Structures are given as C-alpha cells and as structure tokens.
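The values are calculated or read from the model by the stated rules, or taken from the named source; none is laboratory data. In this text, all values refer to a predicted model and were calculated from it rather than measured experimentally. To get the accessible areas, we keep the full protein, side chains included, count just its heavy atoms, and leave off ligands, DNA and RNA. Shrake-Rupley method; radii C 1.70, N 1.55, O 1.52, S 1.80 Å.
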Amino acid sequence: QVQLAESGGGLVQAGGSLRLSCAAAGVTFSTYAMGWFRRAPGKEREFVAGITRSGSSTHYADSVKGRFTISRDNAKNTVYLQMNSLKPEDTAVYYCAARWVQYSTYDLQYEYWGQGTQVTVSS
C-alpha cells in the first residue's frame, strides 16, 4: 500500500520560511516523479513544483519561481519543498503527489497523494 505523508506546515509571518517534507512508503520511490500542489480556500488545486525521478530536473509555477525549491533524497524516500519569502497568498493546504516515471503539472495525472499539510502566512 502506497502512503505519502506530508509534514512541516504551520503558521509563519510574511517573509518567513518553511520546509515541507513528504515521506513515501510502499513504493519504489526512485521510479516516481514527484510534485507539490496546493489548494487555497475557495480555489482549485494548483501545481506548485515538480521534480524528476533522479532529481536532476525541476519545474515551478511562475507564482513561486525564485522563492520555492523542490528537492528529493531517494535514499530517504523523501521529497522536500523549501519555501522562502512567503506571502499571504501562499496560504493553502499543500499536497505531495507521485506519478510513475514522469512528472506533470496536471494533478489528475498523479497516482498517489498525501493527506496535505496546512500552510498559513500572516501579513
């Protein structure tokens, strides 16, 4: 059974930083590309960042480019999202997701999802 578990969310002031982690179990982690998505109140879930199986290539939404960094440690079966210079509009539930072989910016193409972690940025 595949499980993805996010952690690291919380309340932070604007301009602050948080690091999200997503630990995977029950899957050969290195065969899955990983993505981070978020859903803000009253909005659709949106792509935030994606990373290839090896970690050699990444992709970001324009809204977070230059502020967020996605990375992974295949030895630890974990993907990370370092979030710097946080803004109130980054407030959302953040989800990690796994897609076999290749990452995508489309959430419906991901096979497995975590339960989400809340990030709240105060102004």
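Results, tabulated for the structure shown:
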{"item": "Exposure of Ser104 as accessible area (Å², to 10), given a probe of 1.4 Å and all protein chains", "result": "10"}
{"item": "Relative contact order (percent, whole number), the chain, Cα cutoff 8 Å, 6+ residue spacing", "result": "36"}
{"item": "Accessible area of the chain divided out per residue, in Å², using a probe of 1.4 angstrom", "result": "51"}
